[in-house]
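Okay, structure first, notes after.
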Amino acid sequence: MDSVESQFTNKQLEIDLLPDYQAVDFLSVSIKKRTKSFIQISIGFLLLLIGWGVLFYLLPTHWVLYLALTVLFIVFGFGYLNAFLLQKKYGYALREKDIIYSRGYLINKTTVIPFNRIQHVSISRGVFDKALGVSTLKIFTAGGQGSDVSIPGLLPDLALKLKEAVAKKLTVEEHE
């Protein structure tokens with residue numbers, strides 16, 4: 001037992017010497033991501049507007065209906081604004097030992113996933129993605145229920161290149 005304990009080391013790292021992940025030049029996703037968000041918001045807005053119209057037709061005119069319509073416009077207005085502002089804040093970077101994904105404007109979230117933690121990578125394309133010509137790269141790590149990182153709004157060729165680059169890094173990591 002003494003020989004095992006004497007071999008174990010766990011040196012403290014100097015935080016100032018660690019690489020700064022924020023110093024990376026993030027690549028942005030396709031503007032088609034915003035278009036997809038606008039379409040999804042518009043569908044929800046249209047459905048609720050139709051529901052409001054049915055209520056307006058069936059019920060006696062009341063100020064609550066106008067209040068509901070005002071709230072509907074405000075909520076979906078913020079939805080469009082959110083989609084517009086978020087577009088500028090989606091970013092990703094492929095580095096030597098990891099992949100980084102950043103998003104958010106009020107609350108910025110950055111995820112750094114080392115290649116040696118990645119289990120597999122996949123590309124998904126929903127109905128709107130196919131219509132707009134975009135893909136989502138999904139990165140899975142050990143122990144996760146779903147994908148740990150989903151990078152939306154990538155052009156299909158770029159998503160495939162990223163997937164292949166990550167897969168190549170995974171095979172290199174396995175052999176080291």
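The values are calculated or read from the model by the stated rules, or taken from the named source; none is laboratory data. A quick note: this is a predicted structure, and the numbers were derived from the prediction, not measured. Note: ideal-geometry Cβ built from the backbone for every residue, glycine included; neighbour counts use all protein chains shown.
Does LEU69 satisfy the condition of being touching a Phe, Trp or Tyr at 6+ places or on another chain (Cβ under 9 Å), within 30 Å of LEU46 (Cβ to Cβ), assigned by TED's automatic domain parsing to the domain that holds SER37 and without any contact (Cβ under 8 Å) to a residue 60 or more places away in the chain? Yes, satisfied. Among all positions in region 72-89, there is at least one residue which is without any contact (Cβ under 8 Å) to a residue 40 or more places away in the chain and closer than 18 Å to SER135 by Cα.
Meeting the requirement of 1 or more residues that are surrounded by 14 or more Cβ atoms within 10 Å (Cβ to Cβ) and either of a type in the set (Val, Ile, Thr) or modelled with pLDDT of 95 or more (or both), the helices (runs of 4 or more DSSP H) wholly within region 1-119 are 32-58, 63-87. With respect to the conditions (1) assigned to a helix (DSSP H, G or I); (2) β-branched (Val, Ile, Thr); (3) assigned by TED's automatic domain parsing to the domain that holds LEU47, VAL166 falls short on a single one, namely (3). Taken over region 110-140, the residue count meeting the criterion of being touching a Ser or Thr at 6+ places or on another chain (Cβ under 7 Å) and under 21 Å from ASP20 (Cβ atoms) is 3.
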